[in-house]
Amino acid sequence: MSQDKPDVMVPEEATKRGPVLRGELRSSEMRLPNMLAQFSRVTPQSKRARIYLYPTPEQARAIRRERSPFAFTGSFASREGVTEEWSSKEIWLNGTSEIYHHEMLCLTNSSGQLVDLHIRVASKAESNEATSKSAWFVMGGCLLLQILATQDDREIQEAKKHGFERPVRRFELSDGAIAEIHERIVQHNSGFEKEIKKRGFSITVSGCKDGETSKRDVDGLLILASLASRERSACWHWSESENLDNHHSHWRFGFGKFPKRPDFEEPLILRDREHFSGFLSAALKRYLNSENGELVDNAVYALLAHDLPLEVKIVRLVSGIQSALRFATSNKNPAGKTQLRELLNDFLKLYPIDLSDLWPLCDESSGVSLRQIRNAAVHGEVFTEKDWPALSYAGENLQWTLERILLVSLGWDIMLSSVSPEKLGAYFAHQWTQQRLSLCL
């Protein structure tokens with residue numbers, strides 16, 4: 001091919017996307033340097049993104065022989081002295097299509113979905129000024145974020161006109177960093193040439209020393225916010241900055257819509273701004289000071305896993321209780337006990353908690369325990385239609401047991417929650433005695 005003609009043809013619609021980069025495409029068995037690629041435009045609220053490859057014929061044939069996932073790293077100079085590096089560690093490419101014309105075989109350019117995207121902007125100019133690092137996170141909403149978020153300036157001023165004050169809530173993270181929850185207004189085009197305003201949420205972190213530490217801390221904050229709200233929230237975009245020309249941006253794609261908490265179900269923490277703030281401050285301190293915060297994550301994931309068959313839900317909730325008990329007793333459990341009865345006994349020695357009003361977790365002296373129901377489900381026990389009311393009651397009691405264990409281990413008073421004996425007295429499943437006697441295993 002002559003030097004004045006390109007190796008590949010970039011389609012005209014590519015002008016509406018991001019910059020074209022030259023970099024390396026990799027799979028587990030292949031490395032292709034000098035690959036041209038382009039990412040779709042992304043904004044902080046983007047939940048999906050695509051990559052478009054513009055391979056030479058030789059590169060297209062090599063890609064066709066490999067399987068996803070792929071990785072790509074490429075760079076370009078966005079302006080003088082400033083380089084941007086775009087990379088993704090997990091790319092799922094669509095299959096390469098073949099187009100036949102007489103005896104000619106053509107391979108189409110490849111495109112695919114991204115799971116992650118990392119953008120690093122670096123300036124060659126050195127700054128002698130010592131600046132405090134900052135980070136910014138964008139996530140889905142839940143009730144705790146909605147109640148504790150700092151509103152925008154216009155809404156704050158409007159509230160002051162009517163005599164209302166909304167104090168700014170700040171939460172301490174690791175290394176002295178401070179997190180503040182903000183409410184964002186996102187403009188969306190509905191497709192009918194009309195902009196629609198939607199409320200989103202972000203968290204700003206000031207005084208952070210390390211971006212990865214801040215990311216871990218904010219993920220923990222969102223886990224606790226999800227627990228308090230009984231609805232899931234997760235971060236999908238975050239960025240960290242050293243100065244104007246040196247910062248990193250990160251995306252996680254593929255999040256579906258998390259189920260919202262039903263209107264008839266109260267949040268776990270009583271619906272009050274002071275309660276929400278007090279819980280998040282106390283729980284976050286214990287969470288961040290523990291080396292076993294992932295055990296709390298596992299327990300909350302088990303609580304908020306919706307749309308599962310009842311037997312599967314019961315199994316997951318018992319696994320979540322084991323994780324919560326291990327977190328609560330980790331300092332007194334050097335042997336690493338995992339048996340449910342042993343963990344529960346150690347927990348009850350450490351924490352002043354009363355579970356006597358709930359279906360017994362391990363006590364089998366007066367009937368079937370929740371642990372026995374879980375074991376029967378794991379080993380393939382066939383439950384009859386008559387058993388379903390009892391299983392439903394058991395599932396709710398497992399949820400309440402897990403929530404109480406988490407609250408106590410995170411330093412919160414059960415009486416200031418929706419799982420206090422007084423609050424649970426309004427639920428049918430709190431009267432579980434007859435259902436327990438009806439169940440034969």
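Each reported figure results from applying straightforward, stated rules to the coordinates on display, with no laboratory input. Predicted model only: the values in this text are computed from it and were never measured. Methodologically, a virtual Cβ is constructed for each residue, glycine included, from the backbone with ideal geometry; neighbour enumeration extends over all protein chains shown.
Observations
- Loop GluC sites (Glu not before Pro), the range 288-390, which have at most 15 other Cβ atoms in a 10 Å radius of their Cβ (DSSP): GLU291, GLU364, GLU381
- Here the relative contact order of the range 290-441, from alpha carbon pairs under 8 Å that lie six or more residues apart, stands at 28 percent.
- For the range 249-284 versus the range 359-436, the spacing of their alpha-carbon centroids is 23 Å.
- Between GLU266 and GLU13, the modelled label-to-label distance comes to 5.2 nm, taking each label 7 Å out from Cα in the direction of the beta carbon.
- For the range 365-389, the residues whose amide N sits under 19 Å from a probe point set 7 Å from the Cα of GLN434 along the beta carbon direction are 367-368, 385-389.
- Segment VAL168..ASN292, full-extension length gain: 41.7 nm, with 0.36 nm per residue of separation and the alpha-carbon distance subtracted.
- Multiplying the residue separation of ASN345 and ARG48 by 0.36 nm and removing their Cα-Cα distance gives an extension gain of 102.3 nm.
- Sites listed here are GluC sites (Glu not before Pro) in the range 218-288 whose DSSP assignment is loop and whose Cβ has at most 14 other Cβ atoms within 10 Å: GLU265.
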